[in-house]
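What follows is a set of notes on a single structure, which appears directly below.
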Amino acid sequence: MLNYSQAFYQLKEKLQKLYDEGEAAAIAHMFLEHLTGLNKSDRLLKKDTSFTEKQQQQYDTQSKALIKGKPIQYITNSAWFMGREFIVNESVLIPRPETEELVQWILENPKFKIQNSKPQTPNSEFQIPNSKLRILDVGSGSGCIGISLARLVQNAVVTCADVSKEAIEVLKTNIEWVLTPDEKKMGADNITVKTFDFLNESLRNKQLGRYDIVVSNPPYIPASEKAKMHTNVKDHEPDIALFVPADDALVFYRAIAEFGKTHLTNEGVIYCELEANHSAECKALFESEGYTDVEVRKDMHENWRMLKAGIKQDTAPTI
């Protein structure tokens, strides 16, 4: 049987064929914590401890998948987002830090009152009307965006929509898994789940109402670019959540912009995650559709990855 130290260095070395040294080490540590239940510090103190027979069998099987490029999150069935653990599998995208930045941007809107158990917070002066704040999450996948907004924005009523029945099952599991009992009592579990193809205009008009916020991290990668992608993405994450039909990188943004013109409330706002190479085209698209104050923002890596667009008050439907 391998001991903890041997297992770490053996796995790290093999992972360096796919990742740089730092990322390989991080993945090896995550896997061994999943396997042993011990964090890095505790394993260092017990570095000469040998695996049990069951742990060795699990290491042999799952490390082979890791070495072939399977993401660690699909091994552990776990990914962290906005401070909470979400359940993930190969039916949904793995939540990423860049998407957290999109959620943080939404939370910056001074119309929202942020949920916090402490009476005095930096956001305590933020107020919203007593009426519910209606949010639509298009292409919700694991639910990381919609569920996070449901628990962080007071009075939020969230609709999550996705075409994948398998993704919707993961989302429903995360609604129960992520939200605390107290959050559910406060109404943060007020989430509606819908399964349909958002690109089908008649279906989306039939299924959906009007919203104060529409947010989406939609598919935006042309299928022709698949060969250039890292194996851990192209061979494991769901194609339906990554690649766009007919290599049209803007197809979902075009549908969202069109939808917003008749389904956003007065002063409604759209937030989208973008592919950096198409950020300027997306901005121009929303402007051409009559949106105002269209803004594109960089992520932590200095890539243009987020868009915000408001609808003109004189064209938005009132409720």
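Things to note:
- Filter result for the condition that a residue is in contact (Cβ under 8 Å) with a residue 12 or more places away in the chain, buried (at least 16 other Cβ atoms within 10 Å of the Cβ) and in contact with a Gly (Cβ under 6 Å, 6 or more places away or on another chain), over Val88, Val92, Val103: Val92
- Exactly one residue among Ala7, Ala28 is within 29 Å of the chain's Cα centre (by Cα), of a type outside the set (D, E, K, R), over 28 Å from Ala150 (Cβ atoms) and open to solvent by less than 30 Å² (accessible area, probe 1.4 Å), and that residue is Ala28.
- Selection count, the range 291-312, where residues are surrounded by fewer than 18 Cβ atoms within 10 Å (Cβ to Cβ) and farther than 22 Å from Glu258 by Cβ: 6
- Annotation for the range 45-54: no member residue is surrounded by 20 or more Cβ atoms within 10 Å (Cβ to Cβ) and touching a His at 6+ places or on another chain (Cβ under 8 Å).
- Of all residues in the range 195-250, those that are of a type in the set (Ser, Thr, Tyr) and touching a residue at least 40 places away in the same chain (Cβ under 8 Å) total 4.
- Scanning the range 135-149 for residues being among the hydroxyl-bearing types (Ser, Thr, Tyr) and more than 15 Å from Ser164 (Cβ to Cβ) gives a total of 1.
- For the range 184-225, a tally of residues being charged (D, E, K, R) and either touching a Leu at 6+ places or on another chain (Cβ under 8 Å) or surrounded by 18 or more Cβ atoms within 10 Å (Cβ to Cβ) (or both) returns 6.
The values are calculated or read from the model by the stated rules, or taken from the named source; none is laboratory data. Note that the structure is a prediction, hence the values are computed from the model and not measured. For neighbour counting, all protein chains shown are included, and Cβ atoms are generated from backbone atoms with ideal geometry for every residue, glycine included. Keep in mind that these areas ignore ligands, DNA and RNA; they rest on the heavy atoms of the full protein, side chains included. Shrake-Rupley method; radii C 1.70, N 1.55, O 1.52, S 1.80 Å.
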